[in-house]
Amino acid sequence: MSELIRVEHLTKTYYLGEVQVPALKGVDLAIPAGECVAIMGASGSGKSTFMNILGCLDRPTQGKYFLDEKDVSVLSRDELARIRNQKIGFVFQNFNLLGRTTALENVELPLYYRHNHTSRDRHRDAMEALKTVGLQGREHHQPSQLSGGQQQRVAIARALVNQPSLILADEPTGNLDTRTSLEIMDIFQRLNRESGITVILVTHEIDIASYAGRRVVFRDGKVILDERVQPRQAAEDLNRVPASAEGETP
């Protein structure tokens, strides 16, 4: 498999007045296209800083970050914004949906940055993304009318709508019950397996990390463990967990 991500000697230092706070201390890592990777570590280990750099939301202090063989660590703010919109989909613990807009309108939002997309194109692509996550029929519901798991599905559909090569998920099951978490992980596994999308998720939950095929553990700004494993299958585990109180179906 070709490399989608490569970081070389990546460091990040924050400055609080005259105090230097090192967050990353020379990280070297390569992630081939099509992998599903869990990033783990205690609070302050550097994992969130690492994810922000991968998502082009922050820049390293030193070192290089290559995405699709392009050194994005030297790009301008506008160029980074284009890469975020074209290549990366984001999924957050708190969903980050606009409360007074429908599921369909939330999913359409990234498409407004595509100047050649008509309103019909946006509607078609957003409906297809909602169908992918099993929310057809709910497109006109606002977030307050949806369960937590359904809101996260909307967030995943929004991340998918631009057909990214990379999805970054930050604690995507942190606010969900056990069965709903499995349903969300099943979606990520299907996207990874069937569409070849690279999925990188930050989680502090070992059970959730077990659904990824690779685990990278950070401590004190360094990678202390990088291992490939046989991932558990969320679809199989769903059969052993009682129905969610949210009343959702996978």
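Structural remarks
- Among the residues of segment 12-64, those that are modelled with pLDDT of 95 or more, exposed (fewer than 15 other Cβ atoms within 10 Å of the Cβ) and under 24 Å from Gln230 (Cα atoms) comprise Asp28, Ala30, Pro32.
- The condition of being among the aliphatic types (A, V, I, L, M), touching a Leu at 6+ places or on another chain (Cβ under 7 Å) and either closer than 22 Å to Asn85 by Cβ or modelled with pLDDT of 95 or more (or both) holds for only one of Ala159, Ala209, Ala155, that being Ala155.
- The number of residues in segment 88-101 that are part of a loop (DSSP other than H, G, I, E, B) and of a type in the set (A, V, I, L, M, F, W, C) comes to 3.
- If only residues of segment 203-231 that are among the basic types (Lys, Arg) and surrounded by fewer than 18 Cβ atoms within 10 Å (Cβ to Cβ) are counted, the one that is farthest from His9 (Cα to Cα) is Arg228.
- Among the criteria (1) among the charged types (D, E, K, R); (2) touching a strand residue (DSSP E or B) at 6+ places or on another chain (Cβ under 6 Å); (3) buried (at least 20 other Cβ atoms within 10 Å of the Cβ), the one Asp71 does not fulfil is (3).
- Selection from segment 58-114 of residues that are among the hydroxyl-bearing types (Ser, Thr, Tyr) and within 19 Å of Leu29 (Cα to Cα): Thr61, Tyr65, Ser73
- Per-region count, segment 154-177, residues surrounded by fewer than 24 Cβ atoms within 10 Å (Cβ to Cβ), under 15 Å from Asn96 (Cα atoms) and among the charged types (D, E, K, R): 2
- Look at segment 95-121: where a residue is closer than 22 Å to Pro143 by Cβ and polar (S, T, N, Q) and a partner is in a helix (DSSP H, G or I) and modelled with pLDDT under 95, sitting 6+ places away or on another chain with Cβ atoms under 9 Å, you get Thr101/Leu109.
- Residues in segment 102-132 that are outside any helix (DSSP H, G or I) and modelled with pLDDT under 95 were compared, and the one that is nearest to Val199 (Cα to Cα) is Arg114.
- Top-ranked residue of segment 178-199 - restricted to ones that are out of contact with any Gly (no Cβ under 8 Å at 6 or more places or on another chain) and surrounded by fewer than 17 Cβ atoms within 10 Å (Cβ to Cβ), ranked as farthest from Val133 (Cα to Cα): Thr178
The values are calculated or read from the model by the stated rules, or taken from the named source; none is laboratory data. All figures in this text were calculated on a predicted structure; none of them were measured in a lab. Backbone-built Cβ (ideal geometry, glycine too); neighbour counts: all protein chains shown.
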